[in-house]
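Worksheet: the structure to be examined is printed underneath.
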Amino acid sequence: MLDDRDFKILGLLQGDADCSLDMIASVVNLSPSACARRIKLLKERRYIASHAFVLDRERMRLPTTAYVIVKTSDHSPKWSREFRAIVSNIPEILEVHQLGGEVDYILKVVLPSAEHWLDVHQKLVQDLPFLTIAAHISMRELKATTVLPMTHVGRRRAKNRIAGSKREGADPSASTDDGLASDAAKANEKRTAARPQSTSVKFEPLGCDKRIG
């Protein structure tokens with residue numbers, strides 16, 4: 001489960017994958033090393049799938065988007081494998097989704113112009129039979145984002161630690177629960193608590209809290 005700092009880190013990285021570690025650390029009020037550990041854990045647990053830069057489609061001469069509806073009468077595994085191989089080898093096809101209902105697949109295709117769709121269409125049909133292929137050209141993009149909402153992930157509230165446990169290089173107010181980074185420590189505490197206690201008794205002066213070893 002994530003805490004507030006984890007959510008802030010994910011939000012910053014979603015908005016700008018080139019965001020520096022020092023900047024992220026200052027925003028979430030952690031030392032860079034503690035922040036780096038959190039990002040490493042977020043990657044290991046697949047909250048961060050990859051890092052990518054978004055290219056400008058106008059600059060790349062790919063301003064046109066087409067959504068292609070595909071229907072087929074052949075639903076055999078062989079046809080599906082061949083279809084997947086074909087669409088995987090056409091770089092203009094960015095997304096392919098298998099749908100329920102009357103339509104079998106929908107493709108998102110980027111093009112230099114509407115006319116270029118004919119070239120992509122030819123690559124699709126030259127080796128595989130289809131029932132229907134219908135392209136719908138997008139006239140205007142109203143919304144496009146890669147930023148995911150983070151309201152559907154469990155959130156854990158941070159708890160204050162004792163004042164003496166400060167991280168080196170971190171702000172004193174940052175001595176709160178480390179989110180993902182604290183999971184391993186908590187598991188270790190549970191294992192330690194479950195160990196059999198020694199039967200030896202040692203008397204200490206009243207009011208002292210002394211640990212052995």
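Quick note: the coordinates plus some simple rules give every number you see, no bench work behind them. What you see is a predicted model; the values in this text were computed from it and never measured. Here the Cβ is made from the backbone with ideal geometry for all residues, glycine too, and neighbour counts use every protein chain on show.
What is the residue count in the range 15-35 for residues that are outside any loop (DSSP other than H, G, I, E, B) and either in contact with a strand residue (DSSP E or B) (Cβ under 6 Å, 6 or more places away or on another chain) or under 15 Å from Thr146 (Cβ atoms) (or both)? It would help to see each step written out before you state the result.
Start the filter on the range 15-35 by keeping residues that are outside any loop (DSSP other than H, G, I, E, B), which leaves 15, 21-28, 32-35.
Those left that are additionally either in contact with a strand residue (DSSP E or B) (Cβ under 6 Å, 6 or more places away or on another chain) or under 15 Å from Thr146 (Cβ atoms) (or both): 15.
Residues flagged as outside any loop (DSSP other than H, G, I, E, B) and either in contact with a strand residue (DSSP E or B) (Cβ under 6 Å, 6 or more places away or on another chain) or under 15 Å from Thr146 (Cβ atoms) (or both) within the range 15-35 amount to 1.
When you scan the range 1-21, how many residues do you find that are farther than 21 Å from Gly154 by Cα and either surrounded by 14 or more Cβ atoms within 10 Å (Cβ to Cβ) or in contact with a helix residue (DSSP H, G or I) (Cβ under 6 Å, 6 or more places away or on another chain) (or both)?
The number of residues fulfilling the criteria is 3.
Scan the range 105-119 and give yes if some residue there is in contact (Cβ under 8 Å) with a residue 12 or more places away in the chain, in a helix (DSSP H, G or I) and aromatic (Phe, Trp, Tyr), otherwise no. Can you show your working first?
Keep residues of the range 105-119 that are in contact (Cβ under 8 Å) with a residue 12 or more places away in the chain, which gives 105-114, 116-117.
If we keep only those that are in a helix (DSSP H, G or I) too, we end up with 114, 116-117.
Now drop any that are not aromatic (Phe, Trp, Tyr), which leaves 117.
Within the range 105-119 (the criterion being in contact (Cβ under 8 Å) with a residue 12 or more places away in the chain, in a helix (DSSP H, G or I) and aromatic (Phe, Trp, Tyr)), the answer is yes, since at least one residue qualifies.
Residue under question is Arg38, and the condition is that it be assigned to a loop (DSSP other than H, G, I, E, B), under 30 Å from Asp22 (Cβ atoms) and charged (D, E, K, R); does it hold?
Details: assigned to a loop (DSSP other than H, G, I, E, B): no; under 30 Å from Asp22 (Cβ atoms): yes; charged (D, E, K, R): yes.
Taking the combined requirement at face value, the residue does not satisfy it.
Within the group Ser73, Ser50, which residue is in a loop (DSSP other than H, G, I, E, B), closer than 20 Å to Ala144 by Cβ and of a type outside the set (A, V, I, L, M, F, W, C)?
Exactly one residue qualifies, and that residue is Ser50.
Pairs please, first residue from the range 12-26 and touching a residue at least 24 places away in the same chain (Cβ under 8 Å), second anywhere and of a type in the set (Val, Ile, Thr), Cβ atoms under 6 Å, 6+ apart in sequence or on different chains.
Gln14/Val147
Please state which one of Leu99, Leu94 is more than 20 Å from the chain's Cα centre (by Cα), surrounded by 11 or more Cβ atoms within 10 Å (Cβ to Cβ) and over 19 Å from Val153 (Cβ atoms).
Working: Leu94 fails: more than 20 Å from the chain's Cα centre (by Cα).
Only one candidate qualifies: Leu99.
If you scan the range 32-51, which residues turn out to be surrounded by fewer than 11 Cβ atoms within 10 Å (Cβ to Cβ) and of a type in the set (A, V, I, L, M)? So that I can check it myself, show each step before the final result.
First, the residues of the range 32-51 that are surrounded by fewer than 11 Cβ atoms within 10 Å (Cβ to Cβ): 44, 46, 49-51.
Ala49 - this is the single residue of the range 32-51 that is surrounded by fewer than 11 Cβ atoms within 10 Å (Cβ to Cβ) and of a type in the set (A, V, I, L, M).
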